[in-house]
Amino acid sequence: MILRLEDAMSVGRGHEEIPSLLSSLKQYVNFHFGTEERLMRSFGYPLAESHAIQHRLMTEALGRAELRHSSGDSRMVLEVLDLMTEWRDHHIPSWDAPMGAFLNETGVA
Ligand SMILES: [Fe+2]
């Protein structure tokens, strides 16, 4: 999805790509965050609540981005790109990977 937004931005169509991108992102996070949170709580992952807070912050940031897009604020395109990049570079290695390792150790995944 990052490449999709970067490609659109490179031809000046970032703002137009945002509604479809945000829709895809919301579907992605609803499914993945829900699955992760169910597994973490079911198997007693010690950082479940902190991890869920990270998910909530991302969900709220996507909601704010959607509102700003609706109001015509084109600067939000770069912020969405930053959000996605930060998620890929920080949340996945720092939060999802340790959770995956814990679930592997418990024999879930
Ligand atoms: Fe996560």
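Just a few scattered comments:
- Rounded to 0.05, the FRET efficiency of the Arg75 and Arg38 pair, given R0 = 25 Å and the Cβ-Cβ distance, is 0.10.
- Screening the chain for DSSP H helices whose Cα atoms reach 30 Å or more along their own axis and whose mean Kyte hydropathy is at least -1.0 gives 14-42, 48-70.
- Helix-only mean residue ellipticity at 222 nm for the chain, each DSSP H run of n ≥ 4 adding -39500 (n - 2.57), per residue, nearest 500: -24500 deg cm²/dmol
- Gain in span if fully extended, Ile53 to Asn30, counting 0.36 nm per residue against the direct Cα distance: 6.9 nm
Every number here is computed from the coordinates shown, using simple stated rules; none is lab data. Nothing here was measured: the structure is a model prediction, and the numbers come from that model. Quick reminder, even Gly has a Cβ in these numbers, built from the backbone with ideal geometry, and neighbours come from all protein chains shown.
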